[in-house]
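Read the structure below first, then the notes.
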Amino acid sequence: MTIIITTLLLVCAIVLLFRFYAKYKLNYWKRRGVESLPTDSIFGNFKDAVLFRTAPGWHLGILHKAAATNLRLLGFYIFHKPCILIKDPKLIRQIMVADFENFSDRHFGGSKQTDSIGMVNLFGLKNPAWKYVRTKITPTLTKGKLKLMLPLMKEVGENMVDYIDSETADVKGIKKIDAQELNYKYTTDLISIIGLGTKLDSFKNPNNDLTKVVHQFFHSLKRMIALVTVFFMPELIELFGSIMLFDSSFIKKVFFKALQDREKSGIEKGDFLDSLIKLKNEPQNPDYKFEGNNLFYQSGTFFSGFESSSTATSFTIMELAKHSEFQQKAREDVNAAIEKHGLTYEAFNDMKYLEQCIAEGIRLHPPVATIDRYTRQDYQIPGTDVVLEKGTAVYISLYGLHQDPQYFKDPSAYNPERYNEGVNISEAYIPFGVGPRMCVGMKIGQLHAKVVIAMILRKYEMGQLPIDKISLDNRSTFTAAANGINLQFKEVQSYISA
């Protein structure tokens, strides 16, 4: 009996101590005069995201929308870790541009640069390594380089159209196709040929070993858990290491085999592999050496970048399927550009209305919905007495900003005409980030999306399925549809092959 009573008293003491501890930790922002939302004593403000009841990126948007309209910043907690959500576009630009030196590093991945295909490259590197790598990678994504990549994009696009052609139609000529899976296949082949120097045809050969591994990269639960961790709880990565991350060992073998073959052959194709070989043979900087695994990690830039543009493409196609009038305008824009220039870089560059359609798709469905930073030194919020302590995680929600009625009229409506020439675009529109660390792959991502959508629009009309409901995948930090994006495809009667 004495043991039972002692045990109960001990448990009660632990519970009370935890309650006092949690209350103190979860009053961090109140003590500093920063508004915050009601919290859970264990999960803080992130319970639904941690338990995958809502998509983590979308959940951050919920916090943005739950805060008072006039708030510039909101304090919130991931478990008991105090984080700050910046809501005001002007303050965002102050932090991301004017005060960039104090916010040049991402919270993503933690302070230690753990080996990973998605972290030890431009996406996750810390300064000064990030700044050096940026100067070296930027020249690999110039207009001239994009022109060299375009034939590869079109080649994969032709395989995609052949795949759509081969699908069985019903008596009305309608084919049911998952636009998200279609884009994953396209993106798998594009990543392989551009980032790994290896040709695939995932449309005809879905059981190829590399195709299956990249498919896991897009779909596996382990990677989705890893993404939530590196974005919002990177301390766990520092604690448990690469065991929590996606296993990229097979992809690494493919990459180094292709690199070795290219070096032995001496053949130059002007592609990304050639650029890496050139960087490898240049004098090395101690901040970041282009050798060994660091060469492989650069291919991760294409994995992350093309995954984002694949999402932008899928959700733009979904919106065009919902809005036939915008779809038809986009088709006319595509056909006019191709008639004028042929299926060339100049044609894709001239597809301005299609570009607006993609821009609006990204506004409503930002592929990477969260921008993150952390303070390298204590930072006083301009015009306030609030000081962000060194190491504070700073977040911006694109779902929150892009659907905020303060900045966008009728924010939940899809309307590409928001970007018509002469129309003022709100500074809250930052799908590629803002400041020195904004997305280096913006142009290649736009070209990727244009090629896919243009090649589909030329030959097929898209429509919604009557009973299919599209919802976000609650496991995914990046924007993704839980059960795909199933649409109707029907061949355009006036289609003429180029």
Some residue of region 469-491 being surrounded by fewer than 16 Cβ atoms within 10 Å (Cβ to Cβ), more than 18 Å from the chain's Cα centre (by Cα) and in a loop (DSSP other than H, G, I, E, B): yes
Some residue of region 1-21 being assigned to a loop (DSSP other than H, G, I, E, B), touching a residue at least 60 places away in the same chain (Cβ under 8 Å) and not acidic (Asp, Glu): no
Pairs where the first residue, in region 127-155, is open to solvent by 40 Å² or more (accessible area, probe 1.4 Å) and the second is not in a helix (DSSP H, G or I), C-beta under 7 Å, 6+ apart: 128/287; 134/122; 134/440; 138/440; 148/270; 148/271; 154/343
Some residue of region 61-82 being in a helix (DSSP H, G or I), aromatic (Phe, Trp, Tyr) and at pLDDT 95 or above: no
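For region 227-331, please list each of the helices (runs of 4 or more DSSP H) lying entirely inside it that holds at least 1 residues being free of Cβ contacts under 8 Å to residues at least 24 places away in the same chain, out of contact with any strand residue (DSSP E or B) (no Cβ under 7 Å at 6 or more places or on another chain) and of a type outside the set (Asp, Glu).
Working: elements: 235-240, 249-265, 272-281, 293-322.
Result: 235-240, 249-265, 272-281.
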Residue list for region 156-169, restricted to those being open to solvent by 60 Å² or more (accessible area, probe 1.4 Å) and polar (S, T, N, Q): 166, 168
Any hit, region 352-359, residues being buried (at least 21 other Cβ atoms within 10 Å of the Cβ), of a type outside the set (A, V, I, L, M) and part of a loop (DSSP other than H, G, I, E, B): no
Subset of region 392-424 [open to solvent by 40 Å² or more (accessible area, probe 1.4 Å) and either of a type in the set (Asp, Glu) or closer than 18 Å to residue 84 by Cα (or both)]: 410, 417, 421
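The values are calculated or read from the model by the stated rules, or taken from the named source; none is laboratory data. Since we're looking at a predicted model, the values are computed, not measured. Here the Cβ is made from the backbone with ideal geometry for all residues, glycine too, and neighbour counts use every protein chain on show. For accessibility, only protein heavy atoms count, side chains too; no ligands or nucleic acids. Shrake-Rupley method; radii C 1.70, N 1.55, O 1.52, S 1.80 Å.
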